[in-house]
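Data first, discussion second: the structure below is written as structure tokens.
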Amino acid sequence: NINLTAEICDLLVNLQPELDQENADQVHQAVDTLAEIVQGNQSHKNAEQLLASKLPDALEELAYTSELEAGLLASATRNALLTSVATMLLALVEGSDASAEERLLRVLDLRRLASVVGKCFRRAHQSAAAEHQS
């Protein structure tokens, strides 16, 4: 009996420390797949399982590492990955009880994440402004 959610989570947790351009697509796909699994499950059992795993830590490190390693990842890859991480974090708290929020608040460094999100927003805004001017 294989627990696909746990297997994908383990893959992501093991790939995250080695994030580079070669495995960025696999990491991105793993995050997107887990978000779809969580969003498509009405019982919230998958979200509970993932919240109890190392996934929240890995997502935070993934967001922070992809920002720090800007030279290793193409800009479009980095932005897509950060968007997926944000979607996954939102999926974990969607429709769940307060324990999901409490777990994420204990694990995540919100100031550090806010800094990463702010930089992403500025880059997206600058990119949109540049496209509008041309």
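The values are calculated or read from the model by the stated rules, or taken from the named source; none is laboratory data. All of these numbers come straight from a predicted model, not from anything done at the bench. When we count neighbours, we look across all protein chains shown, and the Cβ atoms used for this are built from the backbone with ideal geometry, even at glycine. All accessible areas refer to the heavy atoms of the entire protein, side chains included, with ligands and DNA or RNA removed. Shrake-Rupley method; radii C 1.70, N 1.55, O 1.52, S 1.80 Å.
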Given the criteria open to solvent by 60 Å² or more (accessible area, probe 1.4 Å) and closer than 22 Å to I8 by Cβ, does T65 qualify?
no
Counted residues in segment 10-47 being hydroxyl-bearing (S, T, Y) and surrounded by 14 or more Cβ atoms within 10 Å (Cβ to Cβ) come to 1
Test: A70 is more than 13 Å from the chain's Cα centre (by Cα), of a type in the set (A, V, I, L, M, F, W, C), modelled with pLDDT under 85 and not in a helix (DSSP H, G or I):
yes
Using beta carbons and a limit of 6 Å, which pairs, at least six apart or on different chains, have the first residue in segment 106-121 and farther than 21 Å from K54 by Cα and modelled with pLDDT under 85 and the second one in a helix (DSSP H, G or I) and open to solvent by less than 30 Å² (accessible area, probe 1.4 Å)?
C120/L82
